[in-house]
Structure formats: C-alpha cells, structure tokens
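Structure first, commentary second.
The values are calculated or read from the model by the stated rules, or taken from the named source; none is laboratory data. These numbers were taken from a predicted model, which means no experiment stands behind them. All Cβ positions, even for glycine, are placed from backbone atoms using ideal geometry, and neighbour counts span all protein chains on display. Heads up: the accessible areas ignore ligands, DNA and RNA and are worked out on the full protein's heavy atoms, side chains in. Shrake-Rupley method; radii C 1.70, N 1.55, O 1.52, S 1.80 Å.
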Amino acid sequence: MNKTFNITADCKPGLHYMVDLHSRLEQIRGYVDRGEYLSINRARQYGKTTTLRALDEYLKDAYYVVGMDFQMQMSDAKFRSENAFSVAFAKAFVRILQNQGAAFPEEMEQELNRLQKATQENREDLELVELFQHLSDICRESDRPLVLIIDEADSAANHQVFLDFLAQLRGYYIDRDRSATFRSVILAGVYDIRNLKRKFRSDEDHRRNSPWNIAVEFKVDMSFSADEIAGMLEEYEKDHATGMDPAEMARLIYEHTSGYPFLVSKLCKLMDEEVVGSERFPGVEDAWTCAGFLEAERMLLGEKNTLFESMVNKLYDFPELKDVVYSILFMGKESPYNALNEAIGTAEMFGFVKNINGVVAIANRIFEMVFYNLFLTSAENQKTDREKTNTLIDGCGEWSVTGTKIWCENMY
C-alpha cells in the first residue's frame, strides 16, 4: 500500500509520510524519567495524539504505560458520580494493562485481579479513595514504574468528579515518598488543565480550579522544523521522483505554516492528490514546485475544513480573541507579549498567535490570510478602510489578502 499524507486522527508510520518524532519523544521521556507530572496543551490538529501513541511505544521497554483517551473511553455518563467514574476508569485501566500481554509479577497480578473483581461486582463503595488505594497497591507490586497518559483530558474539565480525580493524583504525587503511585502522569488536550475556568454553580459564578498545579511547564516544541519537513519530503521523493529539492520545498512550506502540523500535511496532501493531474500541473514534476505549492495554498484557503471552522468558532466563543487578532492585523498595534494576559494566553493556547522577540504576532502566514479574509468579508467590518489593508508585504513578495494571487519571485 502506498503511503499518503495524513490529516485525520493519528499518523501511522506504515501508512503515512511523517516527520521523525525521535527528538521530541526523547525530550518527553526526560520528563518521565525524572518522575514529573505534566500537561501537553497544543491547538487542534497539532499532532498530540500521534505523539502520545508514539510515546507509548517509545517507553514500553522501561515502563508499563496506560494510555487512555477520555473522549473515546469515558462517556459523559461516566462522570455522573464518583462510583460511575471509578468503575469505568478501573475497567479501562485493567484492560489496557492486560492487553499488553506482559508477564506481571504474581503480587501485581493479584492486585489487578482485586481491582477487576471490584468492578465486576459493581460495588457502590468503589469511589475515588478506594480506586486510588487499588492503584497504589498495583504500583507498589509492579516490577516496572507505571506511566499514566490521558489524551483529550480537557473534555472532562466541566465535571467535578474529574477535578476530584486530579486532586487524588496530586495527593499521591505529594505523598509519593510514602505511598506508591505513578512515576509520571501526562494529561493532553487543547485547554490547560492548570488554568481552566469552569462553571459549577447555578448562580453563574465562576471559580478557578488548580488541582493540577503540580504539573511542570512543558517546553517541547511540537511544531515541525524545516529540517524535519525536509526529511519527510525526502522519503516522498524516493517513492515518486518528482525532481523537487526537498530542502527548498520544506523551507517554502515552513515559511508559510511555521511548522503547524496540520497545515504542513494538508498542503503536501493537496500537492500530492489534487494539484498533480490538473490542467496546469499534469505531472508530479509540475506539482512539486513553487507554483504548485501556491496552487495548493490557494485551494487550502478556499476550502472549509475543521481547523478553519474551529478557528472561526473560537473567535466568536471568546470575543477577546477577536480583539487581539483584529488589533494585530488592522490597527498596526504592536502588543508586548505577556503570558499573564488572559486574552493573549488564550490566543496562544489555540495556536492563533506566538511570541516573537517579546511581541505578539499571528502564528503563521496562512492564519494571517484566513483572519484577513474573515474580517474583510464580515458584515461588521464592511466600513474598514480596505485601501490600508489590501495587501500584505513580506519576504515572499506581495500577496493579496484574499489569497487568490500570490507572487513568489524570491523563492526559486
């Protein structure tokens, strides 16, 4: 089966062209080896699930890894009570460990059986305190440290039982010199569990909950570098002999995407599957050129996809984001980067902006054009002075804000 560029779910090495993840996996393992608890928070379609699944495989020589996906394995009904959550979590926990096919020590096997028996009996007294006592016993009898990885953890953040679950993790982490517990816990999602505002009272009051203040800062860059993109394109070039220069094409892709994983893969997928064979680009040698790339970018900007829809929805869900983006694009305002500014922090969490030498900037050129198009075509901005915002000038020449005509004189 020929490999493809993937833009849905996780990437699989045998099926998809991928960047080499070894460097970031090695960095994440460093956190695990040090016994740290952490949150991996990145924007939608940023490669989190792919990285976590690769990490599971990467760690298995030294750890028992329990990797869960709360969206897939924990329905909303499982959060209705401590008992419902504890039973569902315990069942998933035992099943994941048993499916690894490892030969556990006898004492660890006995503890797993005790936890499994508690779930089979549907014991109403199996709540979070009892669940964590079982988990601690399993960790104590294990011949390897255990690592817990939860993907889509933020999907549970509206539930009080999840916050109580985090509090138990925190308590055992603090008491880890006295009670056995997980070596490391990784929670992944878009939202930062440490700083979530969530509503728990009917009178509309809000509060900040920080049971995850034990998490260390996660500093691994999960965007793709130009060199990593080039490595992926070199593999593609071996299979298809397009005649492109992988390093130059990677540089072009990086300059427009800043290495945002979905955008990188989507542009490559468009060149591979839609640009090639078109009237202007009949062969692969025509498609994998600067002109072919720009045609793929034009297609991308003209389509409705899940990432762009999510971006637009976030602007309307969080009005302060619209103000941040609008001021950068149209007001000519240089906003100093301040990690404590809630609007800037939210915009960065969603991948809209980045910190460039202490100044807030739109995360990449494609996002700039998406936001330009959105603002210029929205009814509330029809009176905007279009003469002042008609073009964007940069190192790639001049492009129109609609993305329909782009010059690329400096690229090849």
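Brief remarks on what is shown
- You will find that of Arg114, Arg44, the residue that is in a loop (DSSP other than H, G, I, E, B) and at negative phi is Arg44 and no other.
- Residue, most open to solvent (accessible area, probe 1.4 Å), within region 355-364, restricted to residues that are in contact (Cβ under 8 Å) with a residue 24 or more places away in the chain and not in a loop (DSSP other than H, G, I, E, B): Val359
- Candidates Leu315, Leu376, Leu392 - the one that is within 27 Å of Val264 (Cβ to Cβ) and at pLDDT 90 or above: Leu315
- On inspection, Asp151 qualifies as of a type outside the set (A, V, I, L, M) and buried (at least 21 other Cβ atoms within 10 Å of the Cβ).
- Checking each residue in region 22-70 for being under 29 Å from Val264 (Cα atoms), touching a residue at least 60 places away in the same chain (Cβ under 8 Å), of a type in the set (Phe, Trp, Tyr) and touching a helix residue (DSSP H, G or I) at 6+ places or on another chain (Cβ under 9 Å) picks out Tyr46, Phe70.
- Test: residue in region 15-25 that is farther than 30 Å from Thr181 by Cα, among the hydroxyl-bearing types (Ser, Thr, Tyr), touching a Lys or Arg at 6+ places or on another chain (Cβ under 7 Å) and not in a helix (DSSP H, G or I): yes
- Of all residues in region 45-63 being surrounded by fewer than 18 Cβ atoms within 10 Å (Cβ to Cβ) and of a type outside the set (D, E, K, R), the one that is modelled with the highest pLDDT: Ala62
- Candidate set: region 276-313, residues that are touching a residue at least 60 places away in the same chain (Cβ under 8 Å) and charged (D, E, K, R); chosen: the one most open to solvent (accessible area, probe 1.4 Å): Arg298
- Within region 314-354, tally of residues that are free of Cβ contacts under 8 Å to residues at least 24 places away in the same chain, open to solvent by 60 Å² or more (accessible area, probe 1.4 Å), over 18 Å from Phe262 (Cα atoms) and in a helix (DSSP H, G or I): 5
- Pairs meeting the criteria (first residue in region 154-181 and within 22 Å of Asp69 (Cβ to Cβ) and open to solvent by 40 Å² or more (accessible area, probe 1.4 Å), second residue of a type in the set (Lys, Arg) and not in a helix (DSSP H, G or I), beta carbons under 6 Å, at least 6 apart or on different chains) are Asn158/Arg198.
- Residue within region 275-282 that is part of a helix (DSSP H, G or I) and closer than 30 Å to Lys238 by Cβ present: yes
- Some residue of region 261-268 being over 20 Å from the mean Cα position of the chain (by Cα) and of a type in the set (Val, Ile, Thr): no
- Being part of a loop (DSSP other than H, G, I, E, B), modelled with pLDDT of 95 or more, open to solvent by 50 Å² or more (accessible area, probe 1.4 Å) and over 30 Å from Arg34 (Cα atoms) is a condition met by at least one residue of region 245-258.
- Residue in region 84-94 that is touching a residue at least 40 places away in the same chain (Cβ under 8 Å) and outside any helix (DSSP H, G or I) present: no
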